[in-house]
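The values are calculated or read from the model by the stated rules, or taken from the named source; none is laboratory data. Worth saying up front: this structure is predicted, and the values here are computed from it rather than measured. As a convention, Cβ positions derive from the backbone with ideal geometry for all residues, glycine included, and neighbour counts pool all protein chains shown. We work out accessible area using only protein heavy atoms, side chains counted, and drop any ligands, DNA or RNA first. Shrake-Rupley method; radii C 1.70, N 1.55, O 1.52, S 1.80 Å.
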Amino acid sequence: ATETGILRALKSMKAQMQPGSGDLAVIHFSGHGALVDGQLFLLPHDIDASDSIGIKAGGIEVGDLKGELIGLAERGRVLVLLDACHSGATTNDGTELAVDARLLRSELAMGNVTVLTSSSGTETSREDQKWANGAFTEALLEALGRAADRNRNSLVSMDELTGYISTRVPQLTKGKQTPGIEMRFSETVFAAGL
C-alpha cells in the first residue's frame, strides 16, 4: 500500500469498471492521515512521516484522491471506507498528525461517492489486540458476514451496512468512537456472508 501502488490500483479499478453496469468500487484505507499546511494527506505504508516534507513528498493529498474518485464515480458507484482518522500518530519531532474525520468526509463525499470514516470529528480510532484490527474494521468485517443482513435476503444494502456500523462501533468501544457517514446511494452493495 505505497503511494504508487494505491494510485495504480485506482487506475486499474477505473479501467475495469463498465459505465452503466452498476459497478461498485470499494476503497478501504486503514492507516494514518495528516493535515500539513492546510492540506489533508493519507499516509501510505512506506511514507517518511518524520516531518512535513516527507509527508508532502510521499503522502496522498486528499484533493488528488478526490480526482481519482471522480473518475471512478463517472463509471459507477464508489464506497470509500477510511479507518484513518484521529489516531494519535506523531512525527519524529512530536508534531501531531491527527486529521479531523469531518474534513475527510466533506472533502471526498460527492454525487455517487459514499464515505464512511472510522470516527466522528477528532475522536480516536480505537484498536484492540482481540480484534487484530481497529473497531471500525472489526464492525465492517462483521457486517459483511451476516450481521448486517437484517432482512435475511443474503444481501447487504448501504442502509444495512451503515446502520450496523453506526451501532456496532460504539458498542465495541463503549461509546468512545462513533463512525461518520456521508451516504450518497442506498442500493445493495454486497452479498452477505462472503
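Suppose we filter Thr178, Thr167 for residues that are among the β-branched types (Val, Ile, Thr), assigned to a loop (DSSP other than H, G, I, E, B), under 18 Å from the mean Cα position of the chain (by Cα) and farther than 16 Å from Val80 by Cα; which single one remains? Break it down into steps so the answer makes sense when it comes.
Values: Thr167 fails: assigned to a loop (DSSP other than H, G, I, E, B).
So the residue among Thr178, Thr167 that is among the β-branched types (Val, Ile, Thr), assigned to a loop (DSSP other than H, G, I, E, B), under 18 Å from the mean Cα position of the chain (by Cα) and farther than 16 Å from Val80 by Cα is Thr178.
Is it the case, given these coordinates, that Thr173 is surrounded by 15 or more Cβ atoms within 10 Å (Cβ to Cβ), farther than 24 Å from Gly76 by Cα and at pLDDT 90 or above?
Numbers: surrounded by 15 or more Cβ atoms within 10 Å (Cβ to Cβ): yes; farther than 24 Å from Gly76 by Cα: yes; at pLDDT 90 or above: yes.
Yes.
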Could you tell me which of the residues Ala84, Ala148, Ala143 is modelled with pLDDT under 90, touching a strand residue (DSSP E or B) at 6+ places or on another chain (Cβ under 8 Å) and open to solvent by less than 40 Å² (accessible area, probe 1.4 Å)? Ala84
Residue check, Leu69 against (1) of a type outside the set (D, E, K, R); (2) within 14 Å of the chain's Cα centre (by Cα); (3) part of a strand (DSSP E or B), all met but one. Which one? (3)
Contact list, first residue from segment 152-169 and in contact (Cβ under 8 Å) with a residue 24 or more places away in the chain, second anywhere and open to solvent by less than 10 Å² (accessible area, probe 1.4 Å) and part of a strand (DSSP E or B), beta-carbon distance below 7 Å, six or more apart or interchain, is Met158/Thr114; Thr162/Leu116; Ile165/Leu116
Considering only residues that are out of contact with any strand residue (DSSP E or B) (no Cβ under 6 Å at 6 or more places or on another chain) and either modelled with pLDDT of 75 or more or over 19 Å from Ala34 (Cα atoms) (or both), which ones fall in segment 87-106? Ser106
What number goes with the only condition from (1) open to solvent by less than 50 Å² (accessible area, probe 1.4 Å); (2) assigned to a strand (DSSP E or B); (3) at pLDDT below 90 that Ile27 does not pass? (3)
Under the condition of being in contact with a helix residue (DSSP H, G or I) (Cβ under 6 Å, 6 or more places away or on another chain) and either open to solvent by less than 60 Å² (accessible area, probe 1.4 Å) or in a loop (DSSP other than H, G, I, E, B) (or both), which residue from segment 1-24 is nearest to Arg126 (Cα to Cα)? Glu3
Reported set for segment 31-48 where residues are in contact with a strand residue (DSSP E or B) (Cβ under 8 Å, 6 or more places away or on another chain) and either among the basic types (Lys, Arg) or at pLDDT below 85 (or both) is Gly31, His32, Gly33, Ala34, Leu35, Gln39, Leu40
Can you report the number of residues in segment 112-151 which are without any contact (Cβ under 8 Å) to a residue 60 or more places away in the chain and small (Gly, Ala, Ser)? 9
